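A short write-up of the structure that comes next.
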């Protein structure tokens, strides 16, 4: 049994029989560092829950540079929402930053569970809403916060990413250069020392 899936679909909300049905529709998948889970242009026909490891989503800008748009770690859902639900080509790629263990569900199995298992439907709705709010906060932060504030928020909300992901990818995600991120980290270190 997957402890991760049992955490996502807890016994107080999902009966044993419902959980067995949910579990039987997920398969454990291993991905290697640098392997792509989704490539730009693909239609996302499945999604994954992260048991271990880290991944990032990114796009290629008009100058041909990779711009990190998100991170995925333990307990996160790896999905391109628009591609999955609208059956359209994804604009982003998702790349493993380490070896990963993921639990995959195919779109047809997801839809059948969503239609037939009330607890699954409600928990998946909650995941969708939470993801939407996280994305909204990220976009608002880009408009309203300084680079320092964005980095501090990342430290507070996702210390696992700051500890495990390269500064190059974090800087790109924050919309700054590696040099700017190094300067911010140095200033924060000096301020802690005072």
Residues of segment 72-92 satisfying the condition of being surrounded by 21 or more Cβ atoms within 10 Å (Cβ to Cβ) and in a strand (DSSP E or B): 72, 78
Residue count, segment 1-52 (criterion: within 20 Å of residue 127 (Cα to Cα), out of contact with any helix residue (DSSP H, G or I) (no Cβ under 7 Å at 6 or more places or on another chain) and part of a loop (DSSP other than H, G, I, E, B)): 4
Segment 2-23, residues that are within 29 Å of residue 95 (Cβ to Cβ) and loosely packed, with under 13 Cβ neighbours inside 10 Å: 3, 7
Qualifying residue in segment 114-132 (condition: more than 27 Å from residue 24 (Cβ to Cβ), under 16 Å from the mean Cα position of the chain (by Cα) and modelled with pLDDT under 90): yes
Residues satisfying the stated conditions in segment 81-104, i.e. closer than 26 Å to residue 3 by Cβ and modelled with pLDDT under 95: 81, 84
Residue ID - surrounded by the most Cβ atoms within 10 Å (Cβ to Cβ), chosen from residues in segment 139-175 that are part of a helix (DSSP H, G or I) and in contact with a strand residue (DSSP E or B) (Cβ under 8 Å, 6 or more places away or on another chain): 173
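The values are calculated or read from the model by the stated rules, or taken from the named source; none is laboratory data. These numbers come from a predicted model, not from an experiment. Cβ coordinates were reconstructed from backbone atoms using ideal geometry, including for glycine residues, and neighbour counts include every protein chain displayed.
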